[in-house]
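Presented below is the structure to which this report refers.
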Amino acid sequence: MPDQNLLLRELSPLVLEKLRPRLRIQNFAAGQVLFSAGDKTSNIYFMRSGAVSLVCELASGQMIETAMVGYDSVVGGGAALDDRDAMYKAIVQIGGTGFALDVDTARHVARDHEEFRKAIIRHEQLILAQAQQSAACNAGHTLNERLARWLLHTRDVLGADNFMLTQEFMAEMLGVRRTSVSIVAHTLQEAGLISYRRGHIKIEKPEQLQHAACECYATIRMRYEKALKSSASSTTVTERDEAARPMYARE
């Protein structure tokens, strides 16, 4: 259902009905590349489950994550506003399901309906804010703080405490060695904050993990909460709406 993606949930029935016939259900496999930097994007993606990492790829082949998107937003939304090339590589971090929407339809609806255009702009601004905060975080905070922040954000975009993720992938996204991630993950596990076994991670104590994370987690969380509250200011939030929001949007 489209209402399992929070951006689509923001839209009025009128605008959603314009999109619905062209929303194609799609399965996303871990490691799948949706598009690369410099590509002409043919689709934008609304996740219902799973997570997509937006990464900067270096000449060496190393990839460093700048932002992460789950059921809270849209992947490649900027293509609905103009015909610019993709600015980043989008790779599925955790497999899931969602919708693909062809760019022609997205541009047509964005041109004719200010509501959709504003929603896309708002979510693109949030992704930019993530990227800016990630750059500052990578430069100024310890790996312990960064990994705690990254695990919490993954939890938020999935809306779940359990997920499958390898240490190799975590190390690549954070731009560090696998052995370094292994040491920090072991420390977090020894403290009882997470449990980790064969690629399966469970956040055991999210509140305590927040204390271990740097300020960047709270900063991004605050920005998302503010944006979501602003978009919902003219509507009544039901219990079902509240339950469907990601962790960072809950009281």
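Scanning segment 103-159 for residues that are among the basic types (Lys, Arg) and over 24 Å from Ala212 (Cα atoms) yields a count of 5. Taking the criterion of being out of contact with any Gly (no Cβ under 6 Å at 6 or more places or on another chain) and buried (at least 21 other Cβ atoms within 10 Å of the Cβ), the residues of segment 110-125 that qualify are Ala110, Phe116, Ala119.
Name the one entry in Ser195, Ser182 that is over 29 Å from Ile44 (Cα atoms), in a helix (DSSP H, G or I), polar (S, T, N, Q) and open to solvent by 30 Å² or more (accessible area, probe 1.4 Å).
Details: Ser195 fails: in a helix (DSSP H, G or I).
Selected residue: Ser182, the only one of Ser195, Ser182 that is over 29 Å from Ile44 (Cα atoms), in a helix (DSSP H, G or I), polar (S, T, N, Q) and open to solvent by 30 Å² or more (accessible area, probe 1.4 Å).
Of the residues Phe28, Phe99, which is open to solvent by less than 70 Å² (accessible area, probe 1.4 Å) and either modelled with pLDDT under 95 or within 17 Å of Leu8 (Cα to Cα) (or both)? Lay out the reasoning, then the answer.
Working: Phe28 fails: either modelled with pLDDT under 95 or within 17 Å of Leu8 (Cα to Cα) (or both).
Answer to the check: Phe99.
Inside segment 13-65, can you point out the residues that are aliphatic (A, V, I, L, M), touching a helix residue (DSSP H, G or I) at 6+ places or on another chain (Cβ under 9 Å) and within 27 Å of Gln132 (Cα to Cα)? Write out each step before concluding.
Taking segment 13-65 first, the residues aliphatic (A, V, I, L, M) are 14-16, 19, 23, 25, 29-30, 33-34, 37, 44, 47, 51-52, 54-55, 58-59, 63-64.
So of that shortlist, the ones also touching a helix residue (DSSP H, G or I) at 6+ places or on another chain (Cβ under 9 Å) come out as 14-16, 19, 23, 30, 44, 47, 51-52, 54-55, 63-64.
The answer is Ala30, Ile44, Met47, Ala51, Val52, Leu54, Val55, Met63, Ile64.
For segment 144-167, the criterion of being modelled with pLDDT under 95, among the small types (Gly, Ala, Ser), under 14 Å from the mean Cα position of the chain (by Cα) and open to solvent by less than 70 Å² (accessible area, probe 1.4 Å) is satisfied by at least one residue. Taking the listed residues His113, His108, the one that is over 16 Å from the mean Cα position of the chain (by Cα) and without any contact (Cβ under 8 Å) to a residue 24 or more places away in the chain is His108, with no other qualifying. For Gly78, the conditions (1) open to solvent by 20 Å² or more (accessible area, probe 1.4 Å); (2) farther than 16 Å from Asn5 by Cα; (3) under 20 Å from the mean Cα position of the chain (by Cα); (4) touching a residue at least 24 places away in the same chain (Cβ under 8 Å) are fulfilled apart from (1).
Considering segment 1-91, the qualifying strands (runs of 3 or more DSSP E), each wholly inside and each with 3 or more residues that are under 20 Å from Asp112 (Cβ atoms), run over 43-47. None of Ser73, Ser49, Ser42, Ser53 is within 18 Å of Ala160 (Cβ to Cβ), open to solvent by 40 Å² or more (accessible area, probe 1.4 Å) and among the hydroxyl-bearing types (Ser, Thr, Tyr) except Ser49.
The values are calculated or read from the model by the stated rules, or taken from the named source; none is laboratory data. Small disclaimer: the values here were computed from a predicted structure and weren't measured. Note that each Cβ is placed from the backbone with ideal geometry, even for glycine, and that neighbours are counted across all protein chains shown. For accessibility, only protein heavy atoms count, side chains too; no ligands or nucleic acids. Shrake-Rupley method; radii C 1.70, N 1.55, O 1.52, S 1.80 Å.
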